[in-house]
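Colleague: My questions will all concern the structure given below.
Derivation of every value follows stated rules applied to the coordinates shown; laboratory data play no part. All figures in this text were calculated on a predicted structure; none of them were measured in a lab. Here the Cβ is made from the backbone with ideal geometry for all residues, glycine too, and neighbour counts use every protein chain on show.
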Amino acid sequence: MVKAAVLGASGGIGQPLSLLLAISPLVDQLSLYDVVNTPGVGADLSHINSKATVTAYLPEDGKGLEKALTGCDIVVIPAGIPRKPGMTRDDLFKINAGIVRDLVTGVAKFCPKAFVLVISNPVNSTVPIAAEVLKSHNVFDATRLFGVTSLDVVRASTFVSEVVGGSPTDYKVPVVGGHSGETIVPLLSQITPSVEIPSDKLDALVNRIQFGGDEVVKAKDGTGSATLSMAYAGFKFAESLLRALGGETGIVEPTYVYLPGVKGGEEVQKAVGGLEFFAVPVELGPTGAVQATNPLPQANEYEQGLLEAAKKGLSVNIVKGVEFISKL
Ligand code: NAD
Ligand code: LMR
């Protein structure tokens, strides 16, 4: 029996993500939590003739989060405000840091063994916040905490195919680092199957992968950021994890993890100047993250330059997240 929870289930990401989880044969119980509108979203989804039973909670009597989380195996967190044009993801920290802190405190109390997938931005900082909260409750297990960076990978394969032809599903593009602007590092020299990116298109392609989120924010013109592509990408990650938990082997997904706590992570950490959090391809298994692989030694000179810029940004974002909890 697999019980999944979506925290922020009534939002732009939360609703389509909940739909995808509700119709997944890998989910038996789906628990929805938000500060608004969950009864309606829950009633709607509960009419779908899929395997999952759907329950919905509001904070109301102070027990909503407890009820939503108790018994959960996997918790996906897209709660928090999205960007408007002109904002960076870091501008969301002020509000979203506290939201993620409080929701992960609920995880620590009511389902401390659950796998936690953080979508709320700024991911570079909210995942360190989640780790610190779990540590402070003595329940932190790095193999169970994931920053969801799959949208960068989804975008990368789409944008690469637009440059070199073929179908987006043809290409696997390793995207490492973090999830904002220059901290997003596509390793285009390591695309499988190998493709040649014309040199006059390289900078623009890298820039588009790094700043793809801005395209959507601009197009939505003040009404939010990516929701549908994010729900798809978040679901794909959750589905990979659920398949791995079910015993399927060889499933690798790039994700932002606490390197010292994941096998193979120390090697990556050395390669990135000691950063504790970094997105790399991670093999998933029945206990969560079983092995981080280090694609960085193969990075070419151009990509090494991208990595240097990413490391600078990430170190600031990580410290900001850690200090938000440790200085309380
Ligand atoms: P949204 O405003 O449409 O939805 C957010 C939901 O969170 C709302 O329903 C809101 O009521 C709920 N919420 C707020 N505070 C809460 C709390 N304390 N507990 C439970 N729920 C709470 O926003 P969205 O477009 O769904 O985006 C959500 C977040 O995901 C944003 O921070 C956005 O930047 C981020 N995001 C991340 C990625 C990624 O790649 N990781 C991609 C897209 C968006
Ligand atoms: C994205 O990459 O689309 C998200 O992080 C949302 C945003 O703010 O761009």
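Colleague: List the trypsin sites (Lys or Arg not before Pro) within the stretch 68-135 that DSSP assigns to loop and that have no more than 16 neighbouring Cβ atoms inside 10 Å.
Modeller: On the way: sites: Arg83, Arg89, Lys94, Arg101, Lys109, Lys113, Lys135; in loops: Arg83, Lys113.
Answer in residue order: Lys113.
Colleague: Just to check I understand the Karplus step: with θ = phi - 60° and J = 6.51 cos²θ - 1.76 cosθ + 1.60, what whole-Hz values come out for the stretch 41-46, glycine and proline as x?
Modeller: Residue by residue, the stretch 41-46 yields 4, x, 4, 4, 5, 5 Hz.
Colleague: Quick check on the stretch 149-328: take the gyration tensor over C-alpha atoms, sort the square-rooted eigenvalues as a ≥ b ≥ c, and tell me if it's rounded (a/c under 1.5), prolate or oblate.
Modeller: Details: a/c = 1.25, a/b = 1.17, b/c = 1.07.
It is rounded, given that a/c, with a ≥ b ≥ c, falls under 1.5.
Colleague: For Asp200 and Glu248, what is the calculated FRET efficiency with R₀ set at 41 Å and r taken between the beta-carbons, to the nearest 0.05? Kindly include the intermediate steps, with their values, before the conclusion.
Modeller: On the way: r = 41 Å, r/R0 = 1.01.
For Asp200 and Glu248, the calculated efficiency is 0.50.
Colleague: Could you let me know the centre-to-centre spacing of the stretch 220-236 and the stretch 27-65, using Cα atoms, in angstrom?
Modeller: Here the two parts' Cα centres lie 20 Å apart.
Colleague: Counting only other residues whose beta carbon sits under 11 Å from that of Leu20, what net charge do I get with K and R as +1, D and E as -1? Present the calculation step by step, with values, prior to reporting the outcome.
Modeller: Values: positive: Lys236; negative: Glu239.
Neighbourhood net charge equals 0.
Colleague: Can you give me the long-range amide H partners of Phe278? Hydrogens built in the peptide plane at 1.01 Å from N, cutoff under 5 Å, separation of 5 or more residues or another chain.
Modeller: Residues meeting the amide H criterion: Val257, Leu259.
Colleague: Using a Gaussian network model on the chain with a 10 Å cutoff between Cα atoms, which of Gly234, Gly247, Gly261 fluctuates the most?
Modeller: With Cα springs under 10 Å in the chain, the top fluctuation among Gly234, Gly247, Gly261 is at Gly247.
Colleague: Taking only Cα atoms, what is the 0 to 90° angle, nearest 10, from helix 150-164's long axis to the longest principal axis of the chain?
Modeller: Approximately 40 degrees, to the nearest ten.
Colleague: Out of every Cα pair in the stretch 3-147, what percent are spaced more than 18 Å from each other?
Modeller: 53
Colleague: Looking at the P(r) of the stretch 30-100, how many percent of alpha-carbon pairs lie beyond 18 Å?
Modeller: Values: 1244 of 2485 pairs.
More than 18 Å apart: 50 percent of the Cα pairs in the stretch 30-100.
Colleague: Expressed as cubic angstrom per residue, what is the convex hull volume of the alpha carbon set of the stretch 249-288?
Modeller: So the per-residue Cα hull volume is 59 Å³.
Colleague: Another one. Given a Förster radius of 25 Å and the C-beta distance between Ala43 and Thr88 as r, what FRET efficiency does 1/(1 + (r/R0)^6) yield to the nearest 0.05? Show your work: numbers first, answer last.
Modeller: Details: r = 37 Å, r/R0 = 1.48.
The computed FRET efficiency comes out at 0.10.
Colleague: Something else: Count neighbours as other Cβ atoms within 10 Å of each site's Cβ, and list the GluC sites (Glu not before Pro) in the stretch 206-282 that are DSSP loop with at most 14 such neighbours.
Modeller: Working: sites: Glu215, Glu239, Glu248, Glu266, Glu267, Glu276; in loops: Glu248, Glu276.
Here the sparse-neighbourhood loop sites are Glu248.
Colleague: Next up: Could you tally the net charge around Lys220, taking each other residue with its Cβ under 10 Å from the Cβ of Lys220, Lys/Arg +1 and Asp/Glu -1?
Modeller: Overall, the nearby charge balance is +1.
Colleague: Against the longest principal axis of the chain, how steep is helix 123-136, in degrees 0 to 90 to the nearest 10, with axes from Cα atoms?
Modeller: Taking Cα atoms only, the helix is inclined about 50 degrees.
Colleague: May I ask you to list the trypsin sites (Lys or Arg not before Pro) in the stretch 35-68 that are in a DSSP loop and have at most 16 other Cβ atoms within 10 Å of their Cβ?
Modeller: Working: sites: Lys51, Lys63, Lys67; in loops: Lys51, Lys63.
Sparse-neighbourhood loop trypsin sites (Lys or Arg not before Pro): Lys51, Lys63.
Colleague: Compute and list, largest first, the equivalent-ellipsoid semi-axes of the chain from the alpha carbon gyration tensor, each √(5λ) rounded to a whole angstrom.
Modeller: Details: eigenvalues 180, 92, 78 Å².
One finds semi-axes of 30, 21, 20 Å for the chain.
Colleague: To test your reading of the geometry: what angle, between 0 and 90 degrees and rounded to tens, separates the Cα axis of helix 301-326 from the longest principal axis of the chain?
Modeller: Its long axis makes an angle of about 30 degrees.
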